[in-house]
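The values are calculated or read from the model by the stated rules, or taken from the named source; none is laboratory data. Values in this document were obtained by computation on a predicted structure and should not be read as measured data. As a convention, Cβ positions derive from the backbone with ideal geometry for all residues, glycine included, and neighbour counts pool all protein chains shown. Surface areas here come from the heavy atoms of the whole protein model, side chains and all, with no ligands, DNA or RNA. Shrake-Rupley method; radii C 1.70, N 1.55, O 1.52, S 1.80 Å.
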Amino acid sequence: MTRRRVGQSRPPTLALLLAGLAVAFFALPFVGILWRMPWSRVGSVLGDQAVREALRVSLETSVLAAVVSLALGVPLAWVLAQFDFPGRSIVRALSTLSMVLPPVVGGVALFFSFGRRGLFGQYLDRWFGIRLPFTTAGVVVAQVFVAMPFLVLTVEAALRQVDPRFGDAARTLGGSRWTVFRRVTLPAVRPALIAGLVLSWARALGEFGATITFAGNLPGRTQTMPLATYLALESDPESALVLSLALIAVSFAVLLGLRDRWLGAPSGRTSVAAP
Amino acid sequence: MRLLVDAQVTRGSFALDVSFAVEAGETVALLGPNGAGKSTVLRVLAGLLALDGGRIEVVGEGGGVTLWDEPASDTFVPPERRGIGVVFQDYALFPNLSVLENVAFGLRARGIRASSARATALGLLDRVGLGERAHNRPDQLSGGQAQRVALARALAVEPSVLLLDEPLAALDALTRAEVRSDLRRQLAAFPGVRLIVTHDPVDAYALADRVVVLEQGSVAQTGTLDEVTMHPRSRYVADLVGLNLLAGEMRAGVLHLPNGTQVVAADSALSGPAFVAVTPQSVALHRREPEGSARNVWSGTVTDLDRRADRVRVRVTGTVPLVAEITPAALIALDLAVGQTVWISVKATEIIGYPA
Amino acid sequence: MSAARPRRVFGLLGLALGLVVGMSACSTKRVTIDTDPDAPITVFAASSLTGAFGVIGTAYTAAYPDAKVEFSVGASSELVAQINQGAPADVFASADGESMGRLEPGTNGAPENFATNRLQIIVAPGNPKGIIGLADLARADVVFVSAAPQVPIGRYTQQVLAAAGVIAAPKSLEANVKGIVNKVVLGEADAGIVYVTDVLAAGSKALGVDIPGPVNVVATYPIAVPAASKHPDAAARFVAFVRSPAGQAILARFGFGRP
């Protein structure tokens, strides 16, 4: 099959100019950071025990948050995409609400629900002795709260694109719902799944407001890179720059590593090619 | 073995209520316009949609009855345990799996080991001449090849009932004729119950032994192709086969239409509710009221002129709406135009009634 | 072809980039000094001053009806950073001398102390954990939160605990005083060390437990007009009002001490 690349010669000048402005807008802040970077101090700041701890906490919690988002978010996205039930639009709005909620408010809301005196938190404490605030688990909870919507949105949109006849076909061939999901649906949405996973991980990695509100800030336990960076900004702006650099480097490496192959690929081809 | 269908399904304002049977070894085409409920019947048979009323059962060779779906007794057999093979419209080949994996899917879902499932699938592909394409992706196949793969996938699980949903609709005209004869051969080789859903009478003619005509959720007519084309029982079928259909009450050799018009027929043996099929070639047109032996003469207005290769179809509406087929020369001679008043006549010998 | 004229594409991208850089470079400041004492001023104040300065602002505009005052509150360390980045501050009221000292390029005249603040242990209303002194903060059943050492209150807390010989492990090092107050008010923490004025501001939602004078820390609040102020005369009049008996009376009502 031949693909003709119609209209792929050169973008119009105006679009190019505006796109250039957009790129500049994204790039300049990073250029600014690099410009002011105290390169001679990079080694010593990153070698600092507290910084390494913050980086470790950040990586551990954000990866865990992405995994939890995946485990809970994919079934949610599937239910939202495949089943028409009363109140579905409410559920959908609810599961993406934390995206628009100021993270600090989200943190307070988490207190009211999962805190020591919270609606559910008090039972967690009383029955199981589990307290989430001021723990690493609390950081993960805060991150999942703000990060999962990215995964749910991305995956749900992709699942809706999957031709329902694939599921029908698989079932008539004897596939159980699980087989259908695993061998047909999931591969079809794999690019979206990975994109959603990366987005939610990135959101978790950068999470600040809900984390400092709900989980507090204790080096080695709940102090993540964004928290350490924020505090460093007040006392030692140079080291804050170095911390930002570390955070940017890690994120950029991951985003670049996934490239268009994962993030830009169309989700789920549905049609049969004409002869 | 035979498949007995008595299906009632209600979805919103659409109500489906159909009954028919399909014997093993015959191919039945479910023919009808879009929205008639053909796909609903297919989904119900496949187990992708549950009945609201009625029953679907399979009567085996020895007379044993297997109930697939009966709401009254709360019986429902899921698709995977019905022993069916379905070829979907556009084929619905899994885009992320290779051709081989597509064909092997049903076997693997049934717990057969991957290696032996693949071997069986390869054998099936070889048989339809696509062994070479086993490791291609579905989007690398031509339409005709995709159709064969879809059929091989459906047959891999050795079903007793084969359902095909518009198997040729995805193809262009040229490929279609080719695939049609190929499909006919393959269907003949399948010993079970064969049901094709189609809106195209040509496909039905080419592939089916019998047709079940579906209109607005119910069966308008069933029968062999000859029966249906010669004695259509609905406007849709008559249109499909290009006949004029008149329905009314036959009394003493005269068909009384619901509007009171009387149509004189050839014989007087029939009485009671009846249909009359009139071929367009037997309808004559005149600019003035004709004189002579024709007893069925009415006036009407030309509402449509459909020019075909060497024929013109003239639709006349009036007390008896009819389509006449004339030559282009006659069209010029009569100097006809849309909106004109014309006289139509049909000889009584062309009016042959059959019971409704 | 998809790779057509890449140089042209990059050229245009470069042009756009240059445009943005150029625009930002052109905005060099032209400083005009406004000597009108009624000129509108912006006061940057430590967050612990929020309540008191609100009332002072009202009293000030009552005294000078043509004057206009706007407030920007935050952690002192944060405010310094903002002013040094060019935020238009006419008055800076800091919670500590150290933050004031980091102001660039300094102030109009030496900063003057206008208030003091003492520390208290903040606990939930009714003091459910029965906290009566600093030693209780080390108890295993007490969730104690503090602030990061970069923040003045975090530093003061370390000093107080060291002076009292108490070793208490905080569950969290908050980014500012409000973080500590919130955690106690929301019931997630049992105790923290904050300014007396914060306990007072929390009203019925919190209770203060006194810290004995000898180990307590007295925080001194300096106020000054940053050298970059464009309304130095109006700013100086506001500073004078804060230090006047009227201003001092308002500060006292909010729990601040005299310098």
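Side notes on the structure shown:
- Solvent exposure of the stretch B:2-235 amounts to 40 Å² per residue of accessible area, where only protein heavy atoms count and the probe is 1.4 Å.
- Full-stretch length increase - residue A:53, residue A:194 - with 0.36 nm per residue and alpha-carbon distance subtracted: 48.0 nm
- Spatially, the stretch C:81-121 and the stretch B:1-38 are offset by 85 Å when compared through their Cα centroids.
- If R0 is taken as 25 Å, the Cβ-Cβ distance between residue A:34 and residue A:63 corresponds to a FRET efficiency of 0.40.
- Loop sites in the stretch A:1-98: chymotrypsin sites (Phe, Trp or Tyr not before Pro), DSSP, at most 11 other Cβ within 10 Å: A:83
- Interface area, C with A, accessible, probe 1.4 Å, both sides summed, Å² nearest 100: 3000
- Taking the chain by itself as reference, the stretch B:32-50 contains these residues with an accessible-area loss of 40 Å² or more in the full protein complex (1.4 Å probe, heavy atoms): B:48.
- Largest accessible area first, the listed residues A:95, B:19 line up as B:19, A:95 when surface is computed with a 1.4 Å probe on the assembled protein chains.
- Residues losing 40 Å² or more accessible surface upon assembly, the stretch A:101-118, compared with the chain by itself, 1.4 Å: A:111, A:116, A:117
- Gain in span if fully extended, residue B:2 to residue B:119, counting 0.36 nm per residue against the direct Cα distance: 39.0 nm
- Annotation: per residue accessible area for chain C equals 46 Å², rounded to a whole number [probe 1.4 Å, protein chains only].
- Taken per residue, the accessible surface of chain A reaches 51 Å², heavy atoms only and a 1.4 Å probe.
- To the nearest ten degrees, helix B:173-189 and the longest principal axis of the Cα atoms of chain B are 60 degrees apart.
- A straight line joining the Cα centroids of the stretch B:76-114 and the stretch B:247-307 runs 54 Å.
- Ordered from largest to smallest accessible area (heavy atoms of protein chains, 1.4 Å probe), the residues C:64, B:205 come out as B:205, C:64.
- In the stretch A:114-163, trypsin sites (Lys or Arg not before Pro) in a DSSP loop with at most 14 other beta-carbon atoms within 10 Å: A:117
- Chain pair B, A: total accessible area buried, heavy atoms, 1.4 Å probe, Å²: 2400
- Net +/- balance of residues flanking residue B:246 in space, Cβ distance below 14 Å, scoring K and R +1, D and E -1: -1
- Cα-based Lys proximity count in chain C, under 29 Å, for pairs eight or more positions apart or on separate chains: 12
- Full extension of the chain segment joining residue A:124 with residue A:17 gains 33.0 nm, where the gain is 0.36 nm per residue of separation less the Cα-Cα distance.
- Between residue A:248 and residue B:74, the distance separating the two model label sites (each 7 Å from Cα on the Cα→Cβ line) works out to 6.6 nm.
- Surface share of carbon and sulfur [accessible, 1.4 angstrom probe, percent] for the protein assembly as shown: 58
- At least 50 Å² accessible surface lost relative to isolated chain, residues of the stretch B:119-155 (1.4 Å probe): B:139
- Simple spin-label estimate for residue B:13 and residue C:167 gives 8.2 nm between the two label positions (7 Å along the Cα-to-Cβ direction from each Cα).
- Exposed trypsin sites (Lys or Arg not before Pro) absent: longest stretch of chain C, with sites in DSSP loops and at most 10 other Cβ within 10 Å deemed exposed: C:31-259
- Label separation (residue A:79 vs residue A:255): 3.2 nm, computed from points 7 Å beyond Cα along the C-beta direction.
- FRET efficiency estimate (nearest 0.05) - Cβ-Cβ, residue C:38 to residue C:102, R0 41 angstrom: 0.85
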